Amino acid sequence: MNRPLLFFPILFLIFTLAKVGNASGFLPLGSEPVVRVGLITNASSVNITTSDTQLVAYAPDDPAKFLAANRVTVTARAYRPSVIDQYIFEIRGIDTAENAAAIAEQVREETGESAIVSLDGSANVWKVWIGAPKESKEEADQFKAALAERGFSDVSVTIEQKTVHNPDALALSQQVRTAGKSQVRSLIQTTTSTQPVSGADAIVPGLRELIVNGSSAESKYTSLKTVSFGSFNERATPVRLNGKAYRGKMEVFVNSRGSLTVVNVVPLEDYLLGVVPAELSLPNLEAQKAQAVAARTYAVANRDGFAAQGFDVKPDVWSQVYKGVSIETAMGTRAVRETAGMIATHNGKPIMAYFTSTCGGRTENSENIFDHAEPYLRGVECSLEGRAHFDPFMIKTSRRPARLRDEGNLANVRLMSMLAANGYLLTADQMSDDWFEDAPTSAELSNWISQLAIRFNKPLPAVSSDSAKPVELAAILSSFLHQPDAPDALLSDSDINYHLSFDDADQIPINRRAQIAMLMRDGYFTLRPDLTLQPNRPFSRGMMIRLIRQIYEKQKWTPQPQTGTARPSVDGKLVLRAGRTDRQISIRPDVFLFRQFGGEMYQVREAALVGGENVRYFTDAAGAISYLEIEPTTQPTVAENMSPFTNWTQTLAASAVQSRLSRYVRGIGTLYDVNIKQKGYSRRATEIEIIGSNGVKTLKGGKIRSALRLREQLFVINKRYSGDRVVSYTFTGRGWGHGVGMCQYGAYGLGKMGVKYDDIIRHYYTGADVVKAY
C-alpha cells in the first residue's frame, strides 16, 4: 500500500496520541509511525531505481509525478532563476525637464497609458517611459503601432533582460532565514506564516536546486523542493538507492554543504525488518522478538535524533544497524510481525533501549558509561536468578546417588556404575559404604563371574555363595586363565612361597596354594588392606569390584567410553556438535550420572550441561546413554556463553597505550603507568588513573574503551616490566560493546532456555513495561 509522504518540518515521526492510556501510564500512539533514516549525508550524485514499471516522484504540495522511467540520477547545482526579455517604450532626446513633463502629460491624455519622466544621464537629456514593459515582440509591435496612431511615432523600443524568481525560491529563502540550526536547504513546505522578504534581498545567496535526470521527458526536471521517489507498486517492489533495495521512499534534498542528503522514509515496522537481522541474527525467535521490541523502542525514543540534519536515525552503530531489504530473514520478519507495535516503557515513557553484543556476564549502570543515569539501565546479571538459570539445561536421573563416608569408595561407585552399564548386575537402589563392605549375593556373584567367563570365552562355572571366598574364587579364575594343573606343574615350592609371602598365607589349603600364587604373580588376585587373604572369608563387593577392574586392566578389556564436548542440552538430551550440525542423543531416565568436583567424580542426581563440558558416556543397545560423566566447563556459564567474544586478551606496548590515551587525555608527557581506579557494578573499569611525567590524570566512562580501542572495558591489567619501567600491558577481558542495556548474546541464551521475549526485555531493563504503542 502506498503511504503519503512525510515532509519536514514534521520531519521525522508523526505520533497522534490516543485519548486513553493503559496500566503503565503510557499513552498509545495513534498509528504506526514513520521513520526517517539518513542513509547518505554528503553525496554529489545518487542513482534511484526500481524493477517496477516506473518511479513516482513526490514533492511538498505537488501531485504525484509519474516519471515513465525506472531509473533516475539526482544531482544538485546552483539555483538558476529564469531570465526573460522585456520591451520598454521611450521618447528620448528631450532637451529640458519642462518639455519632457509636457510630453508626458500629452501621452497620458492621448493614450491613457502611464508616462514617467527620467533623466538620461549618459546624454544629459530627458526621456519619457511609456506604459508597462511588454514580454513579447508581438505585444511590443502592437503597442508601438497604437502609440504611432495617436501621434507618437518617435517612440523607441529598448529590449532589456529581467530576472524572474521562482516562487519556490522565495519560499525557500524564507525557510532558510527562519530555519535556525536546520541544515536542510531544499523546500519542505511552500506556505509560511511569516511575511516573505521582498526586493533585492528576497533571495538568499547560495541556493541550490535538485536536478532529476531520467530517460523520459517526465523524468527530466529541476526542483527547489525536497523530492521523494518510490516504486509504482511500493509495497511489492522496493526502491533502490545506488543498487541497494529499501522499503518506503527515498527522499533527496540539498544540505548546508551544498551536497545531497538521502533519507529513507519508511514505516516503522518495515524499518525493523532491516534492523532486527542486522543487529541480532542468532537463530532464536524469542531473542529476535526481544531485539524487535528494543529496536522499535529505540526508534520511537530517538525520533528527531538528528533533526538538524533532516532525519531521525542513522543506519549504523551510531543509532542501530539498518541494511534494508537485503538483510531480511524469515525469522526476523516473524519476530517483527509477532511483536508489532510493542515497545518498552518506564513511567509511561519509551525507554532509551540500549543494547550491547556481549556483556561479559553482567551489564553496567548507564551513568558509569554514558554519564547519565536511567532507572531502567541498571547493571544486571546475564543469567536467571539462582538455580532457575540452569533448569533448562539439567540432566536428571532416577537413580539415588551413593551415600558414602569412606572416600575410598568413590572409585568403587564409579567402577560399579561403569560395569552395570556394561552388563553387570547391580541390585542396590543406592550404593553405600555398608553395601560395598558386604559380600555379594549369589545372584550378583553368578552374574559377575558369568560376565568374566564370557570375556575369557570359557564355560560358565557352577557358582554358589561360597564362590566369593578367595580359595573358591581362585579356582574359578585359574580355570579361566590357566590350563588344568599348570600352576602346580610350573611353580616350585620356592616360587609358591615367594608369591605367598603375606601374613596368613599358611591358612591357604595346600591344593589351592599354586593357583593363588600364580594368580598373585600375574596380577589377577588381590589381598585385603591388612595384608591378609583370609582365604575362607568371602570377598566384599568392594573387593570383588576392584578385582574385576584389575582383571580388565590386565586383559586390556576396560570399556572405553565415547567422548565429546557438550553443547547446551535440549529437552534432557545430550547435544554434541557433528560437523556443522548438532546431534542429539537420548539419555535413559535411570542413567548413571557423574559430575566432577575438584579432581573426583561424584555420583549425582542431576547436572547441568550449559555447553563446553567434556563428557564421557556409554550407550545401551537402543543407542540411549546409560552412563554419563561430566567434566565441568571452564568457560562462563552465563546466558551469553555462546558468544565468540566472551573472553579476549590484547597486549599493547607501553608506547601504543600512550599513543591511544593521548588522543583523549592531553598533557600526559611520558607514560609511566596505568591503573584501574574505580569499577562499576559489573566490575568494569569506570575510571582509570594515568601516571605520566606531567602528573596524574584520569579518564572516565565509555571513553576508556574508545581511547584504548578495546572490545570492552571489563578487563584486568597485567604489566610486564623492564626494571621498574612498564614495557607492555596485557588486557584480559570479557565481552564486546558498551555493556549497557540488553545483552544480545544473553538474549539469545535466555531465549534458548525458554524465556519469552517480554521477560527478556524486563530482565535487562529494570522496571520496564512492555506495552502496545499502536
### Task
Can you tell me which residue among Lys225, Lys220, Lys244, Lys314 is free of Cβ contacts under 8 Å to residues at least 24 places away in the same chain and of a type in the set (Lys, Arg)?
Lys220
### Query
Which of the following residues is hydroxyl-bearing (Ser, Thr, Tyr), at pLDDT 95 or above, open to solvent by less than 50 Å² (accessible area, probe 1.4 Å) and within 29 Å of Arg455 (Cβ to Cβ): Tyr524, Tyr552?
Tyr552
#### Entry: Single condition Ser465 does not satisfy, out of (1) open to solvent by 40 Å² or more (accessible area, probe 1.4 Å); (2) under 20 Å from Arg400 (Cβ atoms); (3) at pLDDT below 95
(2)
### Query
Quick one: what pairs do we get from the stretch 152-172, first residue within 23 Å of Lys137 (Cα to Cα), second modelled with pLDDT of 90 or more and small (Gly, Ala, Ser), C-beta under 6 Å, 6+ apart or different chains?
Val157/Ala140
### Message
Restricting to the stretch 560-580, and then to whatever is modelled with pLDDT under 90 and among the basic types (Lys, Arg), can you tell me which residue is nearest to the chain's Cα centre (by Cα)?
### Response
Arg580
### Task
For the stretch 592-601, state whether one or more residues are touching a residue at least 24 places away in the same chain (Cβ under 8 Å), surrounded by fewer than 17 Cβ atoms within 10 Å (Cβ to Cβ) and closer than 16 Å to Lys396 by Cα.
yes
### Query
Do you know which of the residues in the stretch 602-612 that are out of contact with any Pro (no Cβ under 6 Å at 6 or more places or on another chain) and outside any loop (DSSP other than H, G, I, E, B) is least open to solvent (accessible area, probe 1.4 Å)?
Ala607
### Query
Looking at Gly274, Gly258, which one is of a type outside the set (S, T, N, Q) and open to solvent by less than 10 Å² (accessible area, probe 1.4 Å)?
Gly274
### Query
Would you pick out the residues in the stretch 280-292 that are crowded, with 24+ Cβ neighbours inside 10 Å, out of contact with any Ser or Thr (no Cβ under 6 Å at 6 or more places or on another chain) and not in a loop (DSSP other than H, G, I, E, B)?
Ala287, Gln288, Ala290, Gln291
### Message
Which condition from (1) surrounded by fewer than 24 Cβ atoms within 10 Å (Cβ to Cβ); (2) not basic (Lys, Arg); (3) not in a loop (DSSP other than H, G, I, E, B) is the one that Trp318 breaks?
### Response
(3)
### Query
What is the one condition in (1) surrounded by fewer than 16 Cβ atoms within 10 Å (Cβ to Cβ); (2) touching a strand residue (DSSP E or B) at 6+ places or on another chain (Cβ under 6 Å); (3) charged (D, E, K, R); (4) at pLDDT 95 or above that Arg583 does not satisfy?
(4)
### Task
Would you check which residues across the stretch 613-657 are modelled with pLDDT of 90 or more, within 27 Å of Phe355 (Cβ to Cβ) and crowded, with 18+ Cβ neighbours inside 10 Å and list them?
Trp648
### Query
Within the stretch 502-521, can you find the residues that are open to solvent by 40 Å² or more (accessible area, probe 1.4 Å), among the charged types (D, E, K, R) and assigned to a loop (DSSP other than H, G, I, E, B)?
Asp503
### Task
Could you run through the stretch 397-435 and say how many residues are among the charged types (D, E, K, R), out of contact with any Lys or Arg (no Cβ under 8 Å at 6 or more places or on another chain) and either closer than 13 Å to Arg546 by Cβ or part of a loop (DSSP other than H, G, I, E, B) (or both)?
4
### Subset of the stretch 724-769 that is of a type in the set (Asp, Glu) and in contact (Cβ under 8 Å) with a residue 12 or more places away in the chain - its residue that is surrounded by the most Cβ atoms within 10 Å (Cβ to Cβ)
Asp769
## Note on the structure
Among Ala59, Ala76, Ala64, Ala100, the single one that is under 20 Å from Ser156 (Cα atoms), hydrophobic (A, V, I, L, M, F, W, C) and open to solvent by less than 50 Å² (accessible area, probe 1.4 Å) is Ala100
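Can you pull out the residues in the stretch 208-240 that are aliphatic (A, V, I, L, M) and either assigned to a loop (DSSP other than H, G, I, E, B) or open to solvent by 10 Å² or more (accessible area, probe 1.4 Å) (or both)? Outline the logic, then answer.
Taking the stretch 208-240 as the starting set, the residues that turn out to be aliphatic (A, V, I, L, M) are 210-212, 217, 224, 227, 236, 239.
Within the stretch 208-240, Ile211, Ala217, Leu224, Ala236 qualify.
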### Message
Tally up the residues in the stretch 436-462 that are assigned to a loop (DSSP other than H, G, I, E, B), of a type outside the set (A, V, I, L, M, F, W, C) and open to solvent by 70 Å² or more (accessible area, probe 1.4 Å), please.
### Response
4
### Task
Among what's in the stretch 522-546 and is among the aliphatic types (A, V, I, L, M) and part of a loop (DSSP other than H, G, I, E, B), pick the residue that is farthest from the chain's Cα centre (by Cα).
Leu533
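Go through the stretch 641-719 and tell me which strands (runs of 3 or more DSSP E), entirely inside it, have 1 or more residues that are of a type in the set (Asp, Glu).
Working: elements: 647-653, 671-679, 685-692, 695-700.
Here the list reads 671-679, 685-692.
The values are calculated or read from the model by the stated rules, or taken from the named source; none is laboratory data. Keep in mind it's a predicted model, so treat the numbers as computed, not measured. Methodologically, a virtual Cβ is constructed for each residue, glycine included, from the backbone with ideal geometry; neighbour enumeration extends over all protein chains shown. What goes into the accessible areas is simple: the full protein's heavy atoms, side chains included, and nothing from ligands, DNA or RNA. Shrake-Rupley method; radii C 1.70, N 1.55, O 1.52, S 1.80 Å.
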